[in-house]
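Participant: Pasting a structure here, questions to come.
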Amino acid sequence: MPVDAVLIAGPTASGKSAAALAFAEKFGGAIINADSMQVYAELRVLTARPTPEDERRVPHFLYGHARASERYSAGRYQEEAAQALRQARERGLLPIFVGGTGLYFSVLTEGLSPIPPVPPAVRTEVRRRFETLGRDAFFADLLRRDHVTAAKLRPSDTHRLLRAADVLEATGRSLSAWQDARGHSVLGEARFARFVLSPPREILLERIGARLKAMPERDVLDEVRALRGLDPSLPAAKALGVPQFARHLSGECAHSDALAEVQIATRQYAKRQLTWFRNRMKDWKWLESASISNLITQTT
């Protein structure tokens with residue numbers, strides 16, 4: 001194998017996990033997670049995390065090791081991915097990073113922006129101002145003070161909107177400026193093959209629908225039920241399916257309606273993932289089929 005690592009990105013339901021597993025079995029690999037929701041222990045079914053059977057077939061790293069009550073960050077991922085990379089190499093295994101979180105792949109190949117931590121007092125004040133001004137006025141204020149960053153955001157994306165304001169208040173420097181100042185990448189000078197799996201749209205939509213229908217209703221609801229009382233601002237509380245099925249559990253809608261909402265949200269999420277990949281991964285190898293023969297041909 002002429003590379004030191006393999007990276008497989010793709011939208012949800014693109015077949016990347018199955019492809020990575022087949023590739024790992026053929027070439028003696030270890031699979032390292034690059035998906036921001038599959039790190040949470042409580043979200044195995046909803047995030048379509050590898051099954052215990054799959055995890056026994058080849059070594060898996062960084063799956064289900066964080067609690068839903070934690071605010072898992074890209075900075076933590078950087079540290080843990082570097083550690084997983086070392087462990088795989090020490091065992092003589094080919095590291096195969098697979099997932100759908102574009103930022104995590106940027107951490108692997110480009111490095112993470114060295115943004116200083118935001119003091120709790122600043123976070124509190126920013127959120128007080130958000131509540132006082134309201135979303136539209138808050139966004140307009142950010143647009144005036146940090147046009148470059150705000151112009152990239154959707155006003156409805158509260159998490160990123162607050163993050164941009166936090167950084168500006170805490171550092172006096174725009175989030176965009178910090179993001180342009182990259183640190184050291186996890187992979188460094190390693191040789192790696194990079195793939196984006198992008199099935200035709202109709203096939204991807206069909207797979208999304210099939211995956212949701214195949215999820216055991218009891219297991220899904222048990223996972224969501226276990227998250228009751230979780231801070232709604234935490235990433236795990238926003239995972240696809242959690243808000244929708246939580247409304248069903250509270251009696252606000254039928255299970256079929258919640259399922260339909262999840263399908264729509266998942267399609268929208270897949271579209272956003274592909275937009276990121278097209279903008280940031282133009283030089284990666286794009287494949288419509290996730291077949292093992294395709295990956296081998298493009299890697300060897």
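Just so it is clear, none of the values below were taken in a lab; they were calculated from the coordinates. Model, not experiment: these values are computed from the prediction. Note: ideal-geometry Cβ built from the backbone for every residue, glycine included; neighbour counts use all protein chains shown.
Participant: How far apart, in nm, are two points set 7 Å out from the Cα along the Cα-to-Cβ line at R280 and at Q179?
Facilitator: 0.8
Participant: Report, in debye and to the nearest 20, how large the dipole of segment 102-254 comes out about its Cα centre when Lys and Arg carry +1 and Asp and Glu carry -1 on their Cβ.
Facilitator: Approximately 120 debye in magnitude.
Participant: Simple spin-label model, 7 Å along Cα-to-Cβ: L230 to A74 in nm?
Facilitator: Result for the modelled spin labels: 2.2 nm.
Participant: About the Cα centre of segment 120-180, what is the dipole size in debye to 20, counting +1 per Lys and Arg Cβ and -1 per Asp and Glu Cβ, all else neutral?
Facilitator: 80
Participant: Consider just the alpha-carbon atoms of segment 203-271 and return their Rg together with their Dmax, both in angstrom.
Facilitator: Cα radius of gyration and Dmax of segment 203-271 are 11.9, 37 Å respectively.
Participant: Something else now. Could you work out how much longer the chain between S156 and K213 gets when fully extended? Use 0.36 nm per residue separation minus the Cα distance between them, nm to one decimal.
Facilitator: So the extension gain works out to 17.6 nm.
Participant: Report ³J(HN,Hα) in whole Hz for each residue of segment 169-180, in order, from the Karplus equation J = 6.51 cos²θ - 1.76 cosθ + 1.60 where θ = phi - 60°; Gly and Pro get x.
Facilitator: Result, ordered by residue: 5, 6, 10, x, 10, 5, 4, 4, 5, 5, 5, 6 Hz.
Participant: Please work out the FRET efficiency for the pair Y269 and R57, using the Cβ-Cβ distance as r and a Förster radius of 35 Å; give the result to the nearest 0.05.
Facilitator: Efficiency for this residue pair is about 0.80.
Participant: Moving on to the next point. How much length is gained on full extension from T132 to E252, taking 0.36 nm per residue of separation minus their Cα-Cα distance?
Facilitator: 40.3 nm
Participant: Also, I was wondering about something else. Between R57, R76, R129, where does the largest GNM mean-square fluctuation fall for the chain, given springs only between Cα atoms within less than 10 Å?
Facilitator: In this elastic network of the chain, the residue with the biggest mean-square fluctuation among R57, R76, R129 is R129.
Participant: Suppose a student asked you for the relative contact order of segment 120-180, using Cα pairs under 8 Å spaced at least 6 residues apart; what percent would you report?
Facilitator: Once normalised by length, the contact order is 32 percent.
Participant: Within the set K16/K271; K16/K152; K152/K271, which residue pairs have Cα atoms separated by over 19 Å?
Facilitator: K16/K152
Participant: Using only Cα atoms, figure out Rg for the chain and give it as a multiple of 2.2 N^0.38 Å.
Facilitator: My calculation over the Cα atoms of the chain gives 1.03.
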